[in-house]
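Below: one structure, written as structure tokens.
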Amino acid sequence: MKMKLAILVLMTTTSAALAAPQSFDFKDPKGINNAGFKLDAPLESINGSASGIYGTVAFDAANPGATQGKITVATSSLIVPNPMQRQHMLGKEWLDATKFPTIIFESKEFKNVQTAGDTTTADVTGTFTLKGVSKELTVPVKLTYLKDKLGDRVPNQKGDLLVIRSNFSIKRSDFNINPGRFEDKVSDSIEITLSVAGASPK
Amino acid sequence: MKRYLRMIAAVLMVGAIAFWVAAGANPGWTKTRVPKRVTDEVTGLEGVQWQDKFVPGVDFLGAALLGAGILAGVSYFVPAKSK
């Protein structure tokens, strides 16, 4: 009887451990992870990107809909090609990077989850924080789980990779970034593209 | 003096246009960094690496042409021969 109980406990513990979500770290040693942004402007659209991305996501390949995580972008890592535009963008009047050094998206709930092979698409509702203003957003995401592929990307490391892609738009006026001002020079709408990969070493 | 000012204005104008055209005739703003797209073979992600490069834009061209215009304009107020 005791033996059966011990086996049952062992099986339950093992299956729980196997079903536990993996933690993926999104600090990218290769510097590929990036968040792109685009704003329409009269002469040419303002295209830039940010590379200072970090955060963790708990992902369970057996239950992708239970994914939880938080991705942070360092505001100072935002780059645009024109130096004066970058200075203005990070300055007090626009993003105020000194006072608000991070841009954060923290997931709360996954909906419309569809998984085919290693790829999951879903609509993620979460809190997006920019310039100190937090708003609830629902954004489409595509998750690609690459089992045992960490070693192909980072030599001498074993583990899995999780790739997250997302495209969505926000309005700068919703985040107190010069609301109602300069709309003839810079559009209110900002298109954002997130392309990041996280690692879960074993 | 009048002649020199006009010559400098002409050189500035031609030089700025030639430089702007040679650098790709960028119809946008001046850039000091340009993005280079890189693809990660394992994840398929496309990243951006910023490279330092000066690409003159229409603001650069406009400033140079304005400078040339001012020099040419000033030349009209300079006496033909200074004694």
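Quick look at the numbers
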{"item": "Computed [θ] at 222 nm, helices only, for chain A once each DSSP H run of length n ≥ 4 contributes -39500 (n - 2.57)", "result": "-4500 deg cm²/dmol"}
{"item": "Residue-averaged [θ]222 nm for chain B, counting only DSSP H segments that reach four residues, each worth -39500 (n - 2.57)", "result": "-16000 deg cm²/dmol"}
{"item": "Student exercise, region A:92-144 dipole from Lys, Arg, Asp, Glu Cβ charges, in Debye to nearest 20", "result": "140 debye"}
{"item": "Lys/Arg +1, Asp/Glu -1 at C-beta; chain A dipole; positive extreme among A:GLY69, A:ALA20, A:VAL141", "result": "A:ALA20"}
{"item": "Charge dipole magnitude, Cβ of K and R +1, D and E -1 - the protein assembly as shown, Cα centre, debye nearest 20", "result": "1000 debye"}
{"item": "Exposure proxy ranking, count of Cβ atoms within 10 Å, fewest first, for A:THR119, A:THR129, B:THR30", "result": "A:THR119, A:THR129, B:THR30"}
{"item": "Degrees separating the helix B:2-22 axis from the principal Cα axis of chain B, which is the longest one", "result": "10 degrees"}
{"item": "Between helix A:2-19 and chain A: long-axis angle, C-alpha atoms, 0 to 90°, nearest 10", "result": "20 degrees"}
{"item": "Diffusion coefficient, µm² s⁻¹, Stokes-Einstein with Kirkwood Rh over alpha-carbon pairs of chain B at 25 °C and 0.890 mPa s", "result": "160 µm²/s"}
{"item": "Residue order, fewest to most beta carbons within 10 Å, for A:ASP25, A:ASP160, A:ASP184, A:ASP40", "result": "A:ASP184, A:ASP40, A:ASP25, A:ASP160"}
{"item": "Set A:LYS111/A:LYS158; A:LYS70/A:LYS185; A:LYS99/B:LYS31; A:LYS185/B:LYS53 screened for pairs whose C-alpha atoms are more than 29 Å apart", "result": "A:LYS111/A:LYS158; A:LYS70/A:LYS185"}
{"item": "Region A:77-191, relative contact order [Cα under 8 Å, separation at least 6], %", "result": "17 percent"}
{"item": "Two-site FRET efficiency, B:PHE19 against B:ALA72, from Cβ-Cβ distance with R₀ of 25 Å, rounded to 0.05", "result": "0.85"}
{"item": "Alpha-carbon centroid distance for the pair region A:145-167 / region A:90-134, whole angstrom", "result": "22 Å"}
{"item": "Rotationally averaged projected area of region A:109-175 (alpha carbon convex hull; nm²)", "result": "6.0 nm²"}
{"item": "In sequence order, calculated HN-Hα J values of region B:64-80 (Karplus, 6.51, -1.76, 1.60; Hz; x Gly/Pro)", "result": "5, 5, 5, x, 5, x, 5, 4, 5, x, 4, 4, 6, 9, 8, x, 4"}
{"item": "The protein assembly as shown: projected area of the alpha-carbon convex hull, averaged over directions, in nm²", "result": "22.1 nm²"}
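Taken together, the values in this text are just the output of simple stated rules run on the coordinates, not laboratory data. All values reported here derive from a predicted model rather than from experimental measurement. Cβ sites come from the backbone with ideal geometry, for glycine too, and all protein chains shown count toward neighbours.
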